[in-house]
Amino acid sequence: MDLTKPADIVASMVDASVKKLALGPRDLLIRGAISGALLGAATGLSLSATVSTGQPLAGALAFPVGFAMIMLLGLELVTGNFGLLPLAPLDGKALWSTVIANWYWVFLGNLLGAMAFGALFAITLTNMGATAPSPLAVRIITAAEIKTVANEALGNAGMITVFVKGILCNWLVCLGVVMVMTANSTVGKIFAAWLPIVTFVALGFEHSVVNMFMIPTGILLGAKVSLMEWWMWNQIPVTLGNIVGGFLFTGLTLYVTYKPEEKKEAAKPASALGATVRALAE
């Protein structure tokens, strides 16, 4: 009784995109910043679980707490919007220009929130720079370098790989957004979203908002990564991959196969015989 049918889910996806596109820059920035901070906190929790247990799967199991809070509070995450928002223009209910504007403001909000949380988190990991980086800080530094300079060392192969990891990541992340719509209860929504989110983290794919926290925090902690290396070898290709994965592989595919067809009038013209019979009866 708690499950929503796929066709109804797609209708909800379209409705959600229309509502999100009606939000102004102020709300998009605020909700985006909160989302960026929550995803930063979830990433910190995930890395902490991995460091303390030595098991990456433990980190993957912990990470969805941030995503669940974002979805339940109705906040703005640009990766989810990559999959949802194009459906409104496809359905003739919005302009593409409003989609681009939404992506811009939410991306900016996510970036500011993730970086702000990262800066505060870096303070706690080093006691305001007074002590050596903790094991968790070292893990963040290493991850920041792997996500950027390691890709640069591979050249074109690194660029293509990180782009594809972005595609695969947001294919699953946007499925998480959709899965939230399959349930009506809070517990049901959390569990449904948990499935694809754990999968993307465990497989090591690339999420643009997670990297807005991970890489600048790593730089603050001492990672040998320049701003250009951050954007050129991770943030830009990952974001482009997230757009492709979210829109083409999740939003568009579900919309095409489950979009409710408009009801056509089934009235048929009365036959001449039928008209004659009715006339005689009158």
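Please treat every number below as a calculation from the coordinates, not as lab data. These figures come from a predicted structure and were not determined experimentally. Reconstructed Cβ throughout: ideal geometry from the backbone, glycine too, with neighbour counts over all protein chains shown.
Calculate the FRET efficiency for Ala22 and Leu120 from the Cβ-Cβ distance with a Förster distance of 35 Å, rounded to the nearest 0.05.
So, using R0 = 35 Å, E works out to roughly 0.60.
For the pair Tyr104 and Ile160, what calculated FRET efficiency results from E = 1/(1 + (r/R0)^6), where r is the Cβ-Cβ distance and R0 = 25 Å, to the nearest 0.05?
0.45
Do you know the relative contact order of the chain, to the nearest whole percent, from alpha carbon pairs under 8 angstrom that are 6+ apart? Don't jump to the answer; show the numbers that get you there.
Working: 451 pairs, mean separation 78.6, N = 282.
Rounded, it is 28 percent for the chain.
Beyond 31 Å between alpha-carbons counts as too far, so tell me which of Lys19/Lys224; Lys189/Lys224; Lys93/Lys147; Lys165/Lys189 fall in that bin.
The answer is Lys19/Lys224; Lys189/Lys224; Lys93/Lys147.
Report, as a whole number in µm² per second, the diffusion coefficient that Stokes-Einstein gives for segment 1-106 at 37 °C and 0.692 mPa s using the Kirkwood radius over alpha carbon pairs.
216
Based on DSSP H runs of at least 4 residues, each adding -39500 (n - 2.57), what is the mean residue ellipticity at 222 nm of the chain after dividing by all its residues, to the nearest 500 deg cm²/dmol? Provide the component values of the computation, followed by the final result.
Working: 16 runs with 210 residues, N = 282.
Computed ellipticity for the chain at 222 nm equals -23500 deg cm²/dmol.
With +1 assigned to the C-beta of every Lys and Arg and -1 to the C-beta of every Asp and Glu, and no other charges, what is the dipole magnitude of segment 124-269 about the Cα centre in debye, to the nearest 20? Each step should come with its number before you reach the end.
Numbers: 9 positive and 7 negative charges, 68 e Å.
So the dipole magnitude of segment 124-269 works out to roughly 320 debye.
Between Ile243, Ala49, Leu95, whose Cα lies farthest towards the positive end of the dipole of the chain when Lys and Arg beta carbons carry +1 and Asp and Glu beta carbons carry -1, centred on the Cα centre?
Toward the positive end, the furthest listed residue is Leu95.
Subtracting the Cα-Cα distance from 0.36 nm times the residue separation, let me have the gained length for Lys93 to Ala7 in nm, one decimal.
Taking Lys93 through Ala7 to full extension adds about 29.2 nm, to one decimal.
For the chain, give the magnitude of the charge dipole about the Cα centre (Cβ charges: +1 Lys/Arg, -1 Asp/Glu; no others), in debye to the nearest 20.
Charge dipole of the chain: 160 debye, to the nearest 20.
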